[in-house]
1. What's the FRET efficiency of A363 with L338 using the Cβ-Cβ distance as r and R₀ = 25 Å, to the nearest 0.05?
2. Calculate for the chain the 222 nm mean residue ellipticity that helices alone would give, adding -39,500 (n - 2.57) per DSSP H run of length 4 or more and normalising by residue count, nearest 500 deg cm²/dmol.
3. List the residues, sorted by chain then number, that are 5 or more residues from V250 or on another chain and whose placed amide H is less than 5 Å from its amide H.
4. How far is helix 305-316 tilted, in degrees, relative to the longest principal axis of the Cα atoms in the chain, given as a value from 0 to 90 rounded to the nearest 10?
5. On full extension of the chain, what length is gained from V115 through L55, given 0.36 nm per residue of separation minus the C-alpha to C-alpha distance?
6. Angle check, please: helix 232-242 long axis (alpha carbons) against the longest principal axis of the chain (alpha carbons), in degrees 0 to 90, nearest 10.
7. Non-local amide H neighbours of V291 (under 5 Å, H modeled in plane, Pro and chain starts lacking H): which ones?
8. Isolated Cys in the chain by the 4.7 Å beta carbon test?
Amino acid sequence: MISRHVLEFSLVSVKTLVPVYLLAAVFAVALVVPARKSRGMRIRLLAFAAVGAALGVFLGWFLGDVLDIVGIPPTWVDRVWVAVVTAGIGLVVAACIDAPVRRRVLAGTGVVVIVLAGALAVNRDAGLFPEVGDALGVPFVQPIVLPSLTAAERADTTPPPRWNPPSDLPRAGRYGSIAIPGHRSGFPARAGIVYLPPAALVSDAPALPVVVLLSGQGPGAAPANLVDAGRVASSLDALAARNDGLAPIVVIPDQLSLPANNPMCVDGPLGNSATYLTVDVPTWIRSHLHVATDPRDWAIGGFSQGGTCAIQLGSAHPTLYGSFIDVSGEKGPSLDSLQDTIDRGFSGSRAAYDQAQPLAILAAHGRYADSAAFFAVGASDSRYGPVLPVLSSAAREEGIDVTTVVIPHSGHDYATASKALALGLAWFEQRTRAIGAGR
């Protein structure tokens, strides 16, 4: 078993990045400087570096845009770092031609360090793997012990008209992992995460609003992404600090089962994730947490695939989720291709696929009585950016109260998600009776 200290080691802090960058620079200098003794060698170094940089530009385009190996287009930061790394490798290769074995061994080590430096830089830009555990797919989050829920609290689901914070109110909330079983759906979910604001940690806690929040899908995807890379707990603590400890209770269930899975938040061959998120998770929340039950006090939200799920389920179940937060979501559930999506996700039924699309759900429902939606996207997100005006306009036409936000200088990554989710949570808080509209 990997120790907790290893799993919690930061991959994005300055204390980690600066030594790796410096070490990569030292290796490059140690290999290149002795090789610059002749004019021919200098020309070779420049030529190999130029070829390496050109290869990096090509790889960024071919792997990121053509083959789409990670499902999102690379940012300009990613492209620059790939070019820098391949240029560095070109320099090292040029310096090792006709060099002694000792220099070649040094070069091999240098290449590893240079590649590591580039990988860490790209990771920091994307904000995907803040810690070693995230990169290994085993993020470490301490289990949480929930406060005991009394019979009176189960019956009390209406937020009080006024909230007088007690003297022992904690300064920050608390979060941790917990199992949320799929009794009705049979969905094999991994442990989820629950965030309790300060107001939920005191005796005689009020009934609080709820946000069910969903991570994106892909390498290392897990509920912990939203508290590590998405900084959700920090955003909620900031909201609570402005509202005498009041903030939504946030539940982050696992809608994927495995990082590379995409059940698409429907009930189908890939898992009954829709029933898990609309029956099992809400039932567990009402049984274990002191929450308000009015749809206006419930929201579902998420980033990327999680954002797609949010509009699917929010628009299909307005009497459960009165609000939804869609950050950088897709136009609808999808896998590798249209036919692959229909075959694997909908048992070959094109009709079932069509009915699961958010535009179809919105049109089939008709006029919404009291639903609200928050859409956000990064300004440079060329793939999912164009989705926002399409879905937000359709939602607005059906009577949903729509708010849209574009995050400047931002793409499709957790840097965008952390900013947009913070804004979305603040937006939802103002809609609720317990904190916003009811105060």
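1. E between A363 and L338, to the nearest 0.05, is 0.80.
2. Helix-only estimate at 222 nm: -13000 deg cm²/dmol.
3. Here the answer is Y195, V211, since their amide H atoms fall under 5 Å of that of V250.
4. 20
5. 20.2 nm
6. 50
7. Excluding prolines and chain starts, which carry no amide H, the hits are L208.
8. Here C96 come out as lacking a disulfide-compatible partner, given the Cβ-Cβ threshold of under 4.7 Å.
Every number in this text was worked out from the coordinates using simple rules, so none of it is lab data. All of these numbers come straight from a predicted model, not from anything done at the bench. Using ideal geometry, Cβ is built from the backbone for each residue, glycine included, and neighbour counts are taken over all protein chains shown.
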